[in-house]
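Data first, discussion second: the structure below is written as structure tokens.
The values are calculated or read from the model by the stated rules, or taken from the named source; none is laboratory data. Predicted model, so just to flag it, every value in this text is computed and none were measured. No Cβ is skipped: glycine too gets one built from the backbone with ideal geometry, and neighbour counts run over all protein chains shown.
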Amino acid sequence: MNYRPEQGKSRPTHSSATGIPWLRSLLYILMVAVSLPVMVGCNTSAIYQDDRYNPPVYWGRHVVKKGETLYSIAWRYGRDYRELGNANNIQPPYHIRAGQVLRLDLKGRVPASTRTASTADPRAASSGGTASQDRSARSTAPAKTDPKPQVTRKPDRGVELARQSQTVSDISWQWPHTGTVIANFSTSGQVNKGIDIAGNAGDPIRAAADGNVVYAGNGLLGYGNLIIVNHNEHFLSAYAHNRRILVKEGEDVKQGQTIAEMGDSGAEGNKLHFEIRRNGNPVDPMPYLPAR
């Protein structure tokens with residue numbers, strides 16, 4: 001569109017492009033359109049679909065959908081479930097309902113007893129407690145990696161890998177699948193918040209440690225059929241892209257128990273995407289799993 005002055009009148013002069021009436025109006029409309037998601041306060045799926053973006057997220061709101069749990073929502077936004085629950089006045093056992101609005105722009109705190117336990121032992125020190133809360137609200141920088149955890153009991157290398165276990169941070173861990181690792185943990189470049197393990201459709205996926213199933217569903221984009229297991233107040237593990245889920249939310253599972261069948265849901269091929277999160281932050285699973 002060209003600006004044409006009326007006949008008999010001189011062309012107006014402007015110090016900037018925004019002085020042109022129609023362009024000024026257009027810019028205003030664009031600014032409103034861009035700011036509308038922030039005004040509404042709900043986050044879009046782009047936040048957790050973008051592999052280059054590494055949470056935590058401390059802005060906006062989330063409307064609970066059917067099938068979601070506080071654990072899965074905290075996982076989506078890179079938050080400690082205890083901290084997110086505290087921010088929204090949700091107490092254990094952290095029941096939420098569809099339609100409930102969770103404030104992501106509020107920062108909660110972890111109860112003093114659990115926070116003291118995590119800071120007293122350097123092996124369980126959190127990189128995502130108060131330190132992560134001090135991070136810039138809109139920072140997209142990858143989270144810092146945790147120091148290598150101390151192994152208190154190494155696996156018996158004479159035992160086949162499928163049955164080997166080692167104790168790290170007071171939890172006995174084993175491989176959820178013994179296939180080849182085809183993608184390693186990475187916090188830069190092509191971000192990978194866990195490891196990817198190759199296998200065949202229908203292969204058994206086993207619980208890496210004793211725990212309780214706190215999510216079993218397909219509500220997190222990019223994960224397909226997903227299981228999240230809570231091991232203690234600090235550690236969660238996740239098993240993604242399953243063909244079939246064999247456990248239910250609230251079920252206790254034992255290390256080595258088959259909890260799913262390998263598949264390609266939410267992925268381009270059959271594989272297991274396996275994550276461990278400590279206090280809400282992704283950590284490299286390799287130091288926790290027995291050496292191959």
*Would you be able to say whether some residue in the stretch 59-70 is buried (at least 19 other Cβ atoms within 10 Å of the Cβ), at pLDDT 70 or above and closer than 25 Å to S186 by Cα?*
no
*strands (runs of 3 or more DSSP E) wholly in the stretch 219-292 with at least 2 residues that are crowded, with 21+ Cβ neighbours inside 10 Å, free of Cβ contacts under 8 Å to residues at least 40 places away in the same chain and of a type outside the set (G, A, S) - which ones?*
225-230, 235-245
_Yes/no for G158 being within 30 Å of T178 (Cα to Cα) and either at pLDDT below 90 or outside any helix (DSSP H, G or I) (or both)_ = yes
*Are any residues in the stretch 166-208 of a type in the set (A, V, I, L, M, F, W, C) and not in a loop (DSSP other than H, G, I, E, B), and if so, which ones?*
V168, I171, W173, V181, I182, A183, I195, I197, A198, I205
